[in-house]
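The structure appears right after this line, and notes come after that.
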Amino acid sequence: MIKTPYTVDVYDLMHRPGEMRERTLDVIVPESFGNAMIGVKQGSELRIDLRMESLHDGILVSADIEGTAAGECGRCLIDIEQPVQVEIQELFAYSSDEAFEYEVHEDTIDLEPVVRDAVVLSLPFQPVCQEDCLGLCPQCGVRLLDNPGHEHEAPIDPRWAALGDLADTTTPDVTDAASGVE
């Protein structure tokens, strides 16, 4: 098995029901994960506080995961960072049985799929810089939170635009021509 930063040795817990170990992992994320708008970037740090308990059929892993996700606001597109705090609890089985999704390989467990799934599912689908973010102006693209009084002139209906052209032309005074005054 290839060792990764998420690999934990459990040889001292295997087949010893009732034994428990606590450990803290500070993982430098080797590969980014998240969704299109926000994620945990490559090179950032995740802190994983582990509690591993030996059971008859495997090792029960409970963990608190903390880190920072970076991305962009889904409304105004500025860069944002959000804290990630996730709790997981998963059983790593000794035997490869269909009832268990994860297993102990040789004398190690790989936390990467469990951590990745938990963190990605905790991320917002549409992250925002703040709850009342107004987004961008649909006409010119300016960020509305930076310009609260931002307005544009009301668009002219194209069906009435020709009348605006008539108001601009000057016409001779009809009353003076009818009275014969020169």
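Which one of these is touching a residue at least 60 places away in the same chain (Cβ under 8 Å) and open to solvent by less than 20 Å² (accessible area, probe 1.4 Å): 8, 61, 29?
8
I'm told residue 101 meets every condition in (1) at pLDDT 90 or above; (2) out of contact with any helix residue (DSSP H, G or I) (no Cβ under 8 Å at 6 or more places or on another chain) except one. Can you identify the failing condition by its number?
(1)
Just to be sure I understand, how many residues within the stretch 121-134 are in contact (Cβ under 8 Å) with a residue 60 or more places away in the chain and crowded, with 16+ Cβ neighbours inside 10 Å? Reasoning before the result, please.
Step one: filter the stretch 121-134 for residues in contact (Cβ under 8 Å) with a residue 60 or more places away in the chain, giving 123-127, 133.
So of that shortlist, the ones also crowded, with 16+ Cβ neighbours inside 10 Å come out as 123, 127, 133.
Of the residues in the stretch 121-134, 3 are in contact (Cβ under 8 Å) with a residue 60 or more places away in the chain and crowded, with 16+ Cβ neighbours inside 10 Å.
Going by the structure shown, is residue 22 touching a Pro at 6+ places or on another chain (Cβ under 8 Å), of a type in the set (Asp, Glu) and either in a loop (DSSP other than H, G, I, E, B) or open to solvent by 60 Å² or more (accessible area, probe 1.4 Å) (or both)?
no
Of everything in the stretch 140-161 that's more than 21 Å from residue 72 (Cα to Cα) and in contact (Cβ under 8 Å) with a residue 12 or more places away in the chain, which residue is surrounded by the fewest Cβ atoms within 10 Å (Cβ to Cβ)?
Filtering the stretch 140-161 for residues that are more than 21 Å from residue 72 (Cα to Cα) and in contact (Cβ under 8 Å) with a residue 12 or more places away in the chain, the one surrounded by the fewest Cβ atoms within 10 Å (Cβ to Cβ) comes out as 152.
Quick check on the stretch 44-53. Is at least one of its residues of a type in the set (Gly, Ala, Ser) and on the phi > 0 side of the Ramachandran plot? Outline the logic, then answer.
Restricting attention to the stretch 44-53, the residues satisfying the condition of being of a type in the set (Gly, Ala, Ser) are 44.
With the extra rule that they be on the phi > 0 side of the Ramachandran plot, the set shrinks to none.
No - not one qualifying residue is present in the stretch 44-53.
Working carefully through the options 29, 10, 61, find the one that is touching a helix residue (DSSP H, G or I) at 6+ places or on another chain (Cβ under 8 Å) and of a type in the set (A, V, I, L, M).
So the residue among 29, 10, 61 that is touching a helix residue (DSSP H, G or I) at 6+ places or on another chain (Cβ under 8 Å) and of a type in the set (A, V, I, L, M) is 61.
The values are calculated or read from the model by the stated rules, or taken from the named source; none is laboratory data. Everything quoted here is computed from the prediction, not taken from an experiment. For neighbour counting, all protein chains shown are included, and Cβ atoms are generated from backbone atoms with ideal geometry for every residue, glycine included. Quick note on the areas: whole protein, heavy atoms, side chains included, nothing else; ligands and nucleic acids left out. Shrake-Rupley method; radii C 1.70, N 1.55, O 1.52, S 1.80 Å.
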